Every structure is written in C-alpha cells, then in structure tokens.
Amino acid sequence: MAAGDVLWKTKLPSTDGNNGWVTVHEGVVLTGSDARSEYKGQHRENKMADQFVTGLNASNGQVMWNFKPDAPVWNFMGSFAGDGTFTFQDYEGKAYRCRVDDGSLIWKNGGFENSWTDGTSLLGPNKVVYTVSNRNMQGGRDAPGDVSAYQLEDGKLLWRTEVPSPPNNLPAIGKLVGLSGLSLVQPIGQQCQQGAPTDVYALDAQSGKVQWIFNGPSQKGRFQAGDGIPQAMMQRVLAGVRPITLPNPWSAPTIDSNGVVFIGSEEGPFYALADKDGDGQVTTAEVSSFDTHACFSGSAAAAIAPGMLVTTSIDAMYVFAH
C-alpha cells in the first residue's frame, strides 16, 4: 500500500459489468464474474449480467471457487457474516448464504422468477438478510416491488413489504432520528424514465412496517441530471468509459450517528433527511439539500469521518465540513 506496487493481477472472463462491489474478508476477495446476456442457458437480450460469484485468494489472486446462482447477479455485493459465511442476492431477488472458503451453498430462498432488479442485498448487524425484488423484467413507474427480510441462520422469511415502485437500490440499516431500534432505509423508483417519481422509505428493520416516506423528485428530462450533456459524454469517451451512465434512481444511502439519512438523487440534489416531528412524512422543512446538477451511481454512498462528509456524483467529489 505504501508504494502502490501491483502485488498480483488475475484475468477473469469479466468482473461485474455494472456498478457492483468487490468485497474482501477472511482472506477471500468476492466479485461477480463472467458477464453474459444469458439466463438459465438461454439468450436474454439487454441483460448482460454476471453468471458466477467468484472467490479469489486475497494474497495471490488465485481463483479459489466459482458459484453459479439460479439467476445471474447484477450490481453484486457480498456481505460477510463474520462466521465463515457470506450472503448476496441474484437479480430476481433470491437470497443466498454460502461458505467463504469454498463457495458452497448453505441455503437460498425467495425471489420472483423472470424478474429483474437493479438493487442489491444487505446483511444487517441483527443477523437479518435484506433483499429487494421486482415482479417482472420491465419495471416501470407504477410497478410495485418488494423488500424482504430473511433470518441469517436458516433463511426463514421474516417479513416482506410491498413498495409502490421498483426498489432498484441498495438499502442501509441503522438508527434514525426519533425512532428506537434499527430501521432499513430503502430508496425506490424507476430510473431512466421521464416523469417517473422517486421516493425514500424507512422501514422497521424488525417488522417491515413503514416508518416514514420522503417523496423525492421525478425525472424531468429524457436523461438523468448531467448524463446526456454532449460535452460530458465526449469526456467519458475520451476517458475510455461508456458515454452515458444510466444510473440507479438514487445513490446508496448513508445513516450518520445522529440518525440522519444522506442520499443523492438522480436529479442532482444531495439530501439530508430526518422525520423530526415523527409524523411519518419527511417534508421540505425537514430536508437539507445541495444541488450537484448531476446524478449519482447506485454504488456511491456518502463517507463520513469526524467533522467531514464526502460524496461523489457521476462527475465530481464534494467534501462537506461540519
């Protein structure tokens, strides 16, 4: 780390072709791999997704194992349980728990066959696996989806809550202003659809009951904020990346120690949210925002350090001092 020297490099058929995470624990690197437009052996148009979850030795980069889930993974993130196992979901919202050392399956549960979500699962400190799912491949502004909770130990379904539009984002878990116990913050909305609304839901992490809602902005233009600007598209091409982002409706949420939710919108504002009066609706008077004029990647969560918060839109980094 001191000199930035390359310790090892391993060539895979591909690594996550979208905006997934690489996670490391217990000497194992986890990533999605082998992205193809394929679903259960059949070609699936416009759904280039990882066919495998791959474990690599963190010391030398050697591939240790490949695990093939029932459906491909999209925006993959492995969550380590700290007991030699990890959890994740596929793009149909099915939850999995596997062993870190060899990738073998312990249990799997849930999901909606022939569906797709741009969202990602999360393992909470309460030993509950939270997944997101839609009910078809297309989604849409008025297409409901589901947030589900599974017991880590055996995969038992604990609760499932319907939300009015696709839960196409990673949730966050923590304690929120004015509430006791843990809450799950779930952004929702259908991205890349002009006029589609976006919202943020806070759910009781134990029961799935809705605690509050923030009604965010609707997508104003054909593209999300900053995504279709010709100069920006050319800069991306010159940098060797795809010209357009087409990101999730929200960034990943972050909850600070005071219970405030920080999250970036596809329309550009970066928000601080808190239901201060406890009426179940986060209103304008309870919101602070800063307009970045650009959308956010769904894998970009604000980072918090003492006296400082850092967030990134698709084209800039913003540092806020307390």
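The values are calculated or read from the model by the stated rules, or taken from the named source; none is laboratory data. If you're wondering where the values come from, they're calculated on a predicted model, not measured in any experiment. Neighbour counts run over all protein chains shown; Cβ positions are idealised from the backbone, glycine included. Note: accessible area is taken over every heavy atom of the protein model, side chains too, but ligands, DNA and RNA are not part of it. Shrake-Rupley method; radii C 1.70, N 1.55, O 1.52, S 1.80 Å.
Worth a mention:
- Selection within the range 241-266 - of a type in the set (Val, Ile, Thr) and open to solvent by 10 Å² or more (accessible area, probe 1.4 Å): 241, 244, 245, 254, 255, 260
- Here residue 155 passes the criteria (1) under 14 Å from the mean Cα position of the chain (by Cα); (2) closer than 26 Å to residue 99 by Cα except the one numbered (1).
- Here residue 24 clears all of (1) open to solvent by 30 Å² or more (accessible area, probe 1.4 Å); (2) touching a Gly at 6+ places or on another chain (Cβ under 8 Å); (3) not small (Gly, Ala, Ser) except the condition numbered (2).
- Those residues of the range 114-157 which are of a type in the set (Lys, Arg), closer than 26 Å to residue 218 by Cβ and touching an Asp or Glu at 6+ places or on another chain (Cβ under 8 Å), in sequence order: 135
- If you go through the range 293-310 and pick out every residue that is part of a loop (DSSP other than H, G, I, E, B) and free of Cβ contacts under 8 Å to residues at least 60 places away in the same chain, you end up with 5.
- Test set (1) surrounded by fewer than 24 Cβ atoms within 10 Å (Cβ to Cβ); (2) within 23 Å of residue 301 (Cβ to Cβ); (3) under 18 Å from the mean Cα position of the chain (by Cα) - residue 48 fails condition number: (2)
- Listed by position, the strands (runs of 3 or more DSSP E) contained in the range 1-111 that have at least 2 residues being within 23 Å of residue 251 (Cα to Cα) are 23-25, 28-36, 49-57, 85-89, 94-99.
- Among the candidates 247, 243, residue that is assigned to a loop (DSSP other than H, G, I, E, B), closer than 22 Å to residue 21 by Cα and touching a residue at least 60 places away in the same chain (Cβ under 8 Å): 247
- Residue match in the range 69-80 (condition: among the acidic types (Asp, Glu) and either buried (at least 17 other Cβ atoms within 10 Å of the Cβ) or touching a Pro at 6+ places or on another chain (Cβ under 7 Å) (or both)): no
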